[in-house]
Amino acid sequence: MKPDGSALDRARELLEETSDQLHEEAPCGYVSTLPDGTIVRVNRWVTRVLARPREELLGGVRLQELLTIGGRIYWETHVAPLLRMQGHVEEIALELEGAERRVPVLLNAVLLRDEAGEPLGMRSSLLDVTERRRYERELLAARDEAEEAARIKGTLFSMVSHDIRSPLSALVSAGELLEETELSPEQERYVRVVQRSANSILELVDEVLSLGKLEAGHTRLERKPFELCSLVEGLAEELRLRAEDKGLKLDVEIAEDVPSRLMGDPIKLGRVLTNLIGNAIKFTERGSVRVSVSRVQATEESATLLFVIRDTGIGIAEDELDHIFDDFTQGSEQICARYGGSGLGLGICKKLLGLHGSHLKVTTRPDRGSTFSFELTLDRAPA
């Protein structure tokens, strides 16, 4: 059943009253002006924020006169020309000059025109962004504090690591010289313990030093030619003795279509591979560790390569995967107690690969092994 004419009229009157009420009680400012900015209508928000009576604002005051001096200049030089040219402006940051305080606002305005295209007036909305400004300042302050804390931590890491590394290097060298002298079996055993412990601490110091440089933003990628096959096979040869001591087999497979000479940073790439292969050997009790390099795609100028390190070790529990790349973190307390280590290796790998624009992936099953992989795009080196 359709409503009769009187019912429609009452509905229209009700809607008009509701629209006026919404306009008046809105939580932002609404201002209607003539083309020159003279105010002809404002809502309660404007009178409350400016602490000025409505009659005063409707007595020939222009909208731009409610702004600070800088805002008035910006209005004349930017806002007004934009309105004339495109008919609207959006989210213009200005400040209202209230009787008691300045109020930062975002202005949205639309220019109304007649059928001939001549300006009739302007409708504007004003949104108070005082709280937003405060949040922005707090966020900037928090960011500055975090950056300063990271800088201080990086500096401290570097200073302490350098101070510890020098005497440790001397201790390792002295132990190597001592091994070359005539020693009793008991003395040889003690020297080996000292050497092993000193080397472990030296590795930890190197990792802390690398982490400090990365977090302080002092690490940059070099760009020089290098032989990829020689790099990978050389690293594997260095680590093969460690694998054989545990009865493990370390295999390396480099696809024939992988370019040999490339441009990049062999030191940092070597560090990533050393950490990943070393971890695979550490957490594998039996079986093998396999390193493979294959070509994903290539052009005349560059090649994208896939590096995969697969082991048959203890694997990683699913609930621990989210934390294995955190600094100073290992899978669990039992693993840390059994295998040792600082928990920095994977975090350093992740950050170094981030410098290359790559990221580290892992697939794993507890007691079935883990597979770490990453892709790297490197330019070909000149012949």
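Whole number in Å², please: accessible area per residue of the range 214-272, 1.4 Å probe, ligands, DNA and RNA not counted.
Values: 3350 Å² over 59 residues.
Here the residues of the range 214-272 average 57 Å² of exposed surface.
With only Lys, Arg, Asp and Glu charged, each at its Cβ (+1 for the first two, -1 for the last two), find how big the charge dipole of the range 68-139 is about the Cα centre; round to the nearest 20 debye.
Charge dipole of the range 68-139: 180 debye, to the nearest 20.
Extending each Cα 7 Å along its Cβ direction at T377 and D257, get the distance between those two points in nm, one decimal.
1.8
So what J values fall out for the range 163-173 if you push phi through Karplus, 6.51 cos²θ - 1.76 cosθ + 1.60 with θ = phi - 60°, rounded to Hz, Gly and Pro as x?
5, 7, 5, 4, x, 5, 4, 5, 5, 5, 4
Through the Karplus equation 6.51 cos²θ - 1.76 cosθ + 1.60, θ set to phi - 60°, convert the phi angles of the range 98-108 into ³J(HN,Hα) values in whole Hz; use x for Gly and Pro.
Along the range 98-108, the couplings run x, 5, 10, 7, 8, 10, x, 9, 10, 9, 10 Hz.
Calculated FRET efficiency, D367 and Q21, Cβ-Cβ r, R0 56 Å, to nearest 0.05?
On the way: r = 70 Å, r/R0 = 1.24.
That gives a FRET efficiency of 0.20.
Looking at the square roots a ≥ b ≥ c of the eigenvalues of the Cα gyration tensor of the range 265-308, which shape do they give, rounded for a/c under 1.5, prolate if a/b is larger than b/c, or oblate? Mind showing how you got there, number by number?
Values: a/c = 5.57, a/b = 1.92, b/c = 2.91.
Here the range 265-308 falls in the oblate category.
Quickly work out the E136-to-S302 label distance, labels modelled 7 Å from Cα along the C-beta direction, and quote it in nm with one decimal.
Result: 3.6 nm between the two label points.
What distance in nm separates the simple spin-label points at E186 and V110, each placed 7 Å from Cα in the Cβ direction?
Between E186 and V110, the simple spin-label model gives 9.6 nm.
Taking R0 as 22 Å, what's the FRET efficiency between V172 and R242 from their Cβ-Cβ distance, rounded to 0.05?
Taking R0 as 22 Å, the efficiency between V172 and R242 is 0.80.
When every alpha-carbon pair in the range 64-172 is counted, what percent end up more than 23 Å apart?
I get 56 percent for the Cα pairs in the range 64-172 exceeding 23 Å.
Can you tell me the FRET efficiency between Q86 and E65 if r is taken as the Cβ-Cβ distance and R0 is 30 Å, rounded to the nearest 0.05?
Rounded to the nearest 0.05, the efficiency is 0.80.
Once amide H atoms are built 1.01 Å from N in the peptide plane, which residues 5 or more positions from I254, or in another chain, come under 5 Å H to H?
V293
Considering amide H positions built from the backbone, and no H for Pro or chain starts, which residues 5 or more places from T68, or on another chain, come under 5 Å of its amide H?
It is E95, E97, by chain and number.
Return the long-range amide H neighbours of S302 (sequence gap of 5 or more, or a different chain), with a cut-off of under 5 Å between placed amide H atoms.
Close amide H contacts, sequence-distant or interchain: R380.
Any chance you could tell me what percent of the C-alpha pair distances in the range 22-123 go past 25 Å?
14
Can you flag which of K246/K350; K249/K361; K224/K351; K246/K268; K224/K350 are past 25 Å Cα-Cα?
With Cα atoms farther than 25 Å apart: K246/K350; K246/K268.
For the range 75-156, which whole percent of the accessible surface, found with a 1.4 angstrom probe, sits on carbon and sulfur atoms? Write down the numbers at each step before the final one.
Working: 2960 of 5510 Å².
Here carbon and sulfur together make up 54 percent of the probe-accessible area.
Can you work out ³J(HN,Hα) from phi for every residue in the range 58-71, in order, using Karplus 6.51 cos²θ - 1.76 cosθ + 1.60 and θ = phi - 60°, giving whole Hz and x for Gly and Pro?
Going residue by residue, I get 8, x, x, 7, 9, 4, 5, 6, 7, 8, 5, 4, x, x Hz, with x marking Gly and Pro.
Are there GluC sites (Glu not before Pro) in the range 108-139 that DSSP marks as loop and that have at most 14 other Cβ atoms within 10 Å, and which are they?
Listed in order of number, the matching sites are E115.
How would the range 283-323 be classified by its alpha-carbon gyration tensor: rounded, prolate or oblate, with rounded meaning a/c under 1.5 and the a/b versus b/c comparison settling the rest?
oblate
The values are calculated or read from the model by the stated rules, or taken from the named source; none is laboratory data. No experiment lies behind these values; they were computed from the predicted model shown. With ideal geometry, Cβ positions are generated from the backbone for all residues, glycine too; neighbour counts draw on all protein chains shown. Accessible surface areas use protein heavy atoms only, side chains included; no ligands, DNA or RNA. Shrake-Rupley method; radii C 1.70, N 1.55, O 1.52, S 1.80 Å.
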